[in-house]
1. If amide H atoms are built 1.01 Å from N in the plane of the peptide, which residues on other chains or at least 5 residues away come under 5 Å of the amide H of A83?
2. Would you list L79, L95 from the most to the least accessible area, probe 1.4 Å?
3. Using a simple spin-label model with points 7 Å from Cα along the Cα→Cβ vector, what separation in nm is obtained for M68 and I98?
4. Apply the Karplus curve 6.51 cos²θ - 1.76 cosθ + 1.60, θ = phi - 60°, to the phi angles in region 93-109 and return the couplings in whole Hz, x for Gly and Pro.
5. From the backbone phi of region 57-73, what are the Karplus-calculated ³J(HN,Hα) couplings (6.51 cos²θ - 1.76 cosθ + 1.60, θ = phi - 60°) in whole Hz, Gly and Pro given as x?
6. Please arrange T67, T82, T60 by accessible surface area, largest first, computed with a 1.4 Å probe and ligands excluded.
7. On the full set of protein chains, 1.4 Å probe, figure out the accessible area of W65 and give it in Å² to the nearest 10.
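The values are calculated or read from the model by the stated rules, or taken from the named source; none is laboratory data. A quick note: this is a predicted structure, and the numbers were derived from the prediction, not measured. Backbone-built Cβ (ideal geometry, glycine too); neighbour counts: all protein chains shown. The protein model used for the area step is the full one, side chains on, heavy atoms only, and it has no ligands, DNA or RNA in it. Shrake-Rupley method; radii C 1.70, N 1.55, O 1.52, S 1.80 Å.
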Amino acid sequence: MISATMVASIARKVAQKKSGSMILIKELGRAVPYGVYDLAANCGWVSVGVDHDTAAFAVTLRRWWHTMGKARYPKPRRLMITADGGGSNGARVRLWKIELQKFVDEIAV
């Protein structure tokens, strides 16, 4: 079981890191924060995983969508996603494109 103090410590570390940067937590191992910032709602969502591969960010998008996005935007016509263009989510990386396409097919955008 994770204590409230440990959760607060993890939250502080996550807040200080950029999305996709690995955080080492002695008691738990590594953690990688990914975030969604909703400009229209001025609201953020952070998901902490264990994979530093940006293609795993599609999982964060799904969690955000099912937790917050779907209620806020029940009939979306479009969704703008901005991400850096290098590494795992580069234009030539198939996994990023496949996962992103699965997500937009799922939400019917």
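1. none
2. L95, L79
3. So the label points at M68 and I98 sit 2.9 nm apart.
4. In residue order, the calculated couplings are 8, 5, 4, 4, 5, 5, 5, 5, 5, 4, 5, 5, 5, 4, 8, 6, 9 Hz.
5. 4, 4, 5, 4, 4, 4, 4, 4, 4, 6, 8, 10, x, 4, 5, 6, 10
6. T82, T67, T60
7. For W65, solvent-accessible area is about 10 Å².
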